[in-house]
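Worksheet: the structure to be examined is printed underneath.
The values are calculated or read from the model by the stated rules, or taken from the named source; none is laboratory data. All values derive from a computational prediction rather than experimental measurement. Cβ placement follows ideal geometry from the backbone for every residue including glycine, while neighbour counts extend to all protein chains displayed. Protein only, heavy atoms only, side chains kept; ligands, DNA and RNA dropped before computing areas. Shrake-Rupley method; radii C 1.70, N 1.55, O 1.52, S 1.80 Å.
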Amino acid sequence: MNINWEKIKDRIKELLPETIFKVWFSSLKGEVSEETLIIEVPNEFTKNWIKENYQNIINQVLKEFNLKGFKFLVNEPIKAQQLVIPYNPISVIGRNFCPKYTFKDFIVGKCNEFAFNVCYQIAEERPKGYLVYLCGNFGLGKTHLTQAVGNGLISKGFERVYYLTAQDFLNYMIKYLRSGMIESFKEKIKHECEVLLLEEIHFLAGKEYTQNELVFLLDYLLDQGKTVVFTSLKLPQELQKMDSSLRSRLSSGLIIRLNTPDFATRKKIIRHKAKKKGYDFPYEVVEYLAHQIRGDIRQLESAVLGLIARSSLLKEPITLSLAKELVSELGIKEDSNQIEMIIEATCKFFGITKEELFSSSRKKELSLSRQIVMYFLRNLLKKSLKEISIIFKKEHSTIIYNLKTLENKLRKDFSLKIKVDYLLKEVSKELSDTFSDVEYNKINESDTSF
């Protein structure tokens, strides 16, 4: 029987998954000499990898062809285009940390104080078997805190921390599956990772295989006393197309919601961002911007940078009038800001999202929250029924029904009245003293006029 390398390679191909054969064997050359197979490889890494992982397969084939054994010939190709270096995809896992994301550079306020303290504790003390779930909308500091944990650990010489997004994790899974190295990937995380930082877990919705693998990995890490931090736009129970076992594990952790910055925090953020650029904004400018820009941290930073750029280009000092011009060009209206503030304050008070508030759900807490927002819009901002109906996309009759329903509840339910009164005072403060104490009392004592 005429035995050659091509026949041996064809038999190896039959015994191995196609992806593995393609990566490690398809481009190799070889020959049979004195009943010994000589395999030509491009480098020591390829030699060692094949010997450690596929020696049994090769020996099985050699036995079928009555060959005595095999050896490697390490031969670096002369031509660049002949160079074949199978990659080692598990040598590096995750992303590098951005040095600007530190605890020192994070502005702490009521909206994020608890999240900050927990993340700081992880970086300082590395608690064992800790699962933290940071939840909040875009631009509220989830990534900053997560990377601050990583930067804090690395600064202390602790490097066994992996940082990935959920999309990164999915891409790694696909990559290793194709190369037949999925077990090596999972083993590397199990044994080399002490702190796993995984962002945007909501991205895995509908990715069943990846979710299942993450469940097993999560169980192992927590059982071994390792720390895991997740971030997401939504609470675990709000995640759609998520396996119940994964949702259950996420729900068992310490769930912390990051809220939109309140007025005091917005002022601190504006001053901090300005000082980093070498500017000290006037008091009235900080107050005005904090009142008018009620979005996330990125919007506040954008406004600060925009104001500095405008001042530099026009060669004018940073003044209130310049800030008003900027806000005007951004298309921000005071009226819309007040509406947004009432909505945000109510959602925060009842622990719901803006999406839930405007959803079609008829859950008791959501219906009550909608009624309170309508009540505040009608009484605090003096909005007409037509304006409120446009905001909620409801008929006039529905708005009237909700307002009357809430008023009846307030007359009968003293505990509810206390809650609404408290929220009303908080909202009034946020409206920048638009209402005096006398006006507040008038609103509180009066019935809605339809």
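Name every residue in segment 132-147 that is open to solvent by less than 10 Å² (accessible area, probe 1.4 Å), assigned to a helix (DSSP H, G or I) and β-branched (V, I, T), in order of residue number. Residue satisfying the conditions is T146 alone. Step by step: first the residues of segment 52-77, then only those that are farther than 20 Å from P42 by Cβ and open to solvent by 60 Å² or more (accessible area, probe 1.4 Å), then the one that is nearest to the chain's Cα centre (by Cα). Which residue is that? If we take residues in segment 52-77 being farther than 20 Å from P42 by Cβ and open to solvent by 60 Å² or more (accessible area, probe 1.4 Å), then N56 is nearest to the chain's Cα centre (by Cα). I297 meets all of the listed conditions (1) more than 30 Å from C135 (Cβ to Cβ); (2) crowded, with 17+ Cβ neighbours inside 10 Å but one, namely (1). Of the residues L222, L218, which single one is in a helix (DSSP H, G or I) and touching a Gly at 6+ places or on another chain (Cβ under 8 Å)? Every option except L222 fails the conditions. For F203, the requirement of being over 29 Å from E125 (Cα atoms), among the hydrophobic types (A, V, I, L, M, F, W, C) and not in a loop (DSSP other than H, G, I, E, B) is met.
One residue alone among G180, G129 is crowded, with 18+ Cβ neighbours inside 10 Å, modelled with pLDDT under 90 and more than 29 Å from I352 (Cβ to Cβ), and that residue is G180.
Check segment 7-16 and report whether any residue there is modelled with pLDDT under 85 and among the charged types (D, E, K, R). The answer is no, given that none of the residues of segment 7-16 is modelled with pLDDT under 85 and among the charged types (D, E, K, R). Are any residues in segment 269-318 among the basic types (K, R) and closer than 18 Å to G136 by Cβ, and if so, which ones? Scanning segment 269-318 gives R294, R298.
In segment 293-308, of all residues being part of a helix (DSSP H, G or I) and in contact (Cβ under 8 Å) with a residue 60 or more places away in the chain, the one that is farthest from the chain's Cα centre (by Cα) corresponds to Q299.
Screening Q60, Q81, Q55 for residues that are assigned to a helix (DSSP H, G or I), modelled with pLDDT under 80 and of a type outside the set (S, T, Y) leaves exactly one candidate, Q81.
Restricting attention to segment 269-286, report how many residues are touching a helix residue (DSSP H, G or I) at 6+ places or on another chain (Cβ under 8 Å), in contact (Cβ under 8 Å) with a residue 24 or more places away in the chain and assigned to a helix (DSSP H, G or I). Number satisfying all stated conditions: 6. Of all the criteria given as (1) modelled with pLDDT under 90; (2) open to solvent by 20 Å² or more (accessible area, probe 1.4 Å); (3) within 25 Å of the chain's Cα centre (by Cα), the one not satisfied by K273 is (1).
Scanning segment 1-52 for residues that are in a strand (DSSP E or B) and touching a strand residue (DSSP E or B) at 6+ places or on another chain (Cβ under 7 Å) returns K29, G30, E31, T36, L37, I38, I39, E40, V41.
The set of residues in segment 38-75 that are free of Cβ contacts under 8 Å to residues at least 40 places away in the same chain and touching a Ser or Thr at 6+ places or on another chain (Cβ under 7 Å) comprises K68, G69, F70, K71. When segment 379-392 is filtered for residues that are of a type in the set (S, T, Y) and open to solvent by 20 Å² or more (accessible area, probe 1.4 Å), only S384 remains. Looking only at residues that are over 16 Å from the mean Cα position of the chain (by Cα) and among the hydroxyl-bearing types (S, T, Y) in segment 212-243, which one is surrounded by the most Cβ atoms within 10 Å (Cβ to Cβ)? Going through the qualifying residues, I end up with T227. Select from segment 26-48 the residues that are within 19 Å of K175 (Cβ to Cβ), buried (at least 18 other Cβ atoms within 10 Å of the Cβ) and out of contact with any Phe, Trp or Tyr (no Cβ under 8 Å at 6 or more places or on another chain) and list them in ascending order. Listed by number, the list is empty, since nothing qualifies.
If you check F376, F349 for being part of a helix (DSSP H, G or I) and either open to solvent by less than 50 Å² (accessible area, probe 1.4 Å) or among the hydroxyl-bearing types (S, T, Y) (or both), only one passes: F376. Taking the numbered list (1) within 29 Å of the chain's Cα centre (by Cα); (2) open to solvent by less than 30 Å² (accessible area, probe 1.4 Å) in turn, Q338 passes all entries but (2).
Pick out the one residue from S415, S367 that is among the polar types (S, T, N, Q), in a helix (DSSP H, G or I), loosely packed, with under 15 Cβ neighbours inside 10 Å and at pLDDT 90 or above.
S367
When residues in segment 148-176 are screened for being part of a helix (DSSP H, G or I) and either in contact (Cβ under 8 Å) with a residue 40 or more places away in the chain or of a type in the set (V, I, T) (or both), 15 of them pass. When segment 95-113 is limited to residues that are open to solvent by 20 Å² or more (accessible area, probe 1.4 Å) and within 17 Å of the chain's Cα centre (by Cα), the one that is modelled with the lowest pLDDT turns out to be R95.
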